[in-house]
1. Note down the accessible area of residue 297, probe 1.4 Å, to the nearest 10 Å².
2. List residues of the stretch 290-309, by number, whose backbone nitrogen lies under 13 Å from a label position 7 Å along Cα→C-beta of residue 186.
3. Whole Å is fine, so just give me how far the alpha carbon centre of the stretch 169-187 lies from that of the stretch 211-251.
4. Please give the length that would be gained between residue 47 and residue 69 if that part of the chain were fully extended, namely 0.36 nm times their separation in residues minus their C-alpha to C-alpha distance (nm, one decimal).
5. Starting from the Cα coordinates of the stretch 72-197, work out the convex hull volume and express it per residue in Å³.
6. Sorted by accessible area (1.4 Å probe), largest first, how do 145, 94, 136, 264 line up?
7. Do the sum for the chain: with -39,500 (n - 2.57) for every DSSP H run of n ≥ 4, divided by all residues, what is the mean residue ellipticity at 222 nm, to the nearest 500 deg cm²/dmol?
8. Would you mind computing, in nm to one decimal, how far apart the modelled labels at residue 287 and residue 246 are, each placed 7 Å from Cα along Cα→Cβ?
Amino acid sequence: MSERTGRATGGSVFGAVHLGYVVVHSRRLADWRRFGGLAIGMHVDELDTDVLRFRLDDHACRFLIRHGTAEDVTALGWQVDDHETFDRILARVSDRGVPIEEGTAEQAAARGVQRLWRFPGPKGVATEIFTTPVTSPEPLRMLSSGWVTGEAGMGHVAIVSREPESMRGYYDTVFDARLTDYIDENISGLTMKIRFLRVNERHHSIAIANLRGMKIDPLRTRVQHINIQSASLEDMLAAFGRVTDLGFRMAWSVGQHTNDRELSFYCVTPSGFELEVGWNPVVIGPELESTWEPSTYQGISIWGHTTVGETVLDKFAQFRQALRTIRTPEPTVAELTGGLPR
C-alpha cells in the first residue's frame, strides 16, 4: 500500500488528488490554437472544428477548449488515485445533499478520461473527478521540451473571490486541502489577501484572493489564472519570447514569487483570464509536510512581475466590473463549506 493510499484509507484524501485538466469554452478557437501551440509551446490536437485539446505529457488531454460563449474556464477536472478515495469524495458530496451527475460518454472521451462525475463548484466552475486518464502513445509535437506534472498534478488555479472563507471551506470539505501560506499584497492602498491551498506535494493547487474588507470582484472571468510548470528555465523564457513575438498580451513580466519561489510570467489567454508559465517552485514533500507551518508574506514577488501594457481603459473596465458584482451574489456551494476551523 502506498503512503498516499494509506492516508486516504485513514479518512483523509489529501495527497490522492491532483489537478488533471481544465475545460474552457471560447469562440476564439483559432486564437487558442496559435496561443497554445505556437506561443506557449504545448502539443495541439484538433478533434474537430469546435474542439481543441492541449497535451503536456502522455495524458490525452490537459486543456479542453470547446466552442462556446463563456470565454472562461467552465470546469476543473481532478484526478483521484483510487476508487476507494473516489467513492469517499462522492459520499462527502452526496451526503450533504449536493447534486452529482455522471458525465456522458462524449464528455469523458473529450476530456481524455474513462469515466467522470460532476458536481457544482465555487463561482459556477464545475468540479469533475475521475480516476483513470486516457494516455496517448502518440509522440508529443511541441516547442517545449517538457512540463512538470506527475504527483503534483498539471499546475494550479487562482481565483478572486468575494467569499474566500466559503471557497476555502469547500476545498477543505471535498479534498482535505491544507493551508500552505498567505500573501498580503498592497494594491492602490487596498490589501489583497491570498490564501494558498495544497492537496498534494505541489506548493498550492488552489489560490484564493480577495480584497480585504470589500466584497467586490474586478474580474469578468471566474478564474484569474491557470498555472503550468515548465521543465526548464530555458523553456519558460523561450515561451515568454514567443508570446511577445506573436503579439499576445503579456500581463506580468518575468519575476519570482515570495512564497513558493517560482520564477514565472503571466500572459493573457484568448478568453481573457491569465496563464502563468512557471519554473522550479518549492515542493512540499514528505520531509517538509510534517513540520510545515503557514506563514504570511508581504507582497507577491521578490523581484519582477511588473505589469505590462495596462491602460486607463483597463482600470476603468475593472472598476465597472467591480460595481456590477456588488449587486449580484457570488455563487457558492453552501452545503460544502462547513466544518473548517477558523
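The values are calculated or read from the model by the stated rules, or taken from the named source; none is laboratory data. Model, not experiment: these values are computed from the prediction. Please note: Cβ atoms are built from the backbone with ideal geometry, for glycine as well, and neighbour counts cover all protein chains shown. Heads up: the accessible areas ignore ligands, DNA and RNA and are worked out on the full protein's heavy atoms, side chains in. Shrake-Rupley method; radii C 1.70, N 1.55, O 1.52, S 1.80 Å.
1. Approximately 60 Å² for this residue.
2. Once the point is set 7 Å along Cα→Cβ of residue 186, 298-300 turn out to lie under 13 Å by backbone N, inside the stretch 290-309.
3. 20 Å
4. Numbers: separation 22, 0.36 × 22 = 7.92 nm, distance 1.89 nm.
In short, 6.0 nm is gained.
5. On the way: hull volume 20.4 nm³, N = 126.
Spread over its residues, the Cα hull of the stretch 72-197 gives 162 Å³ apiece.
6. Greatest to least solvent exposure: 145, 94, 136, 264.
7. Working: 8 runs with 76 residues, N = 342.
Helices in the chain give a 222 nm mean residue ellipticity of -6500 deg cm²/dmol.
8. In this crude spin-label approximation the distance works out to 3.8 nm.
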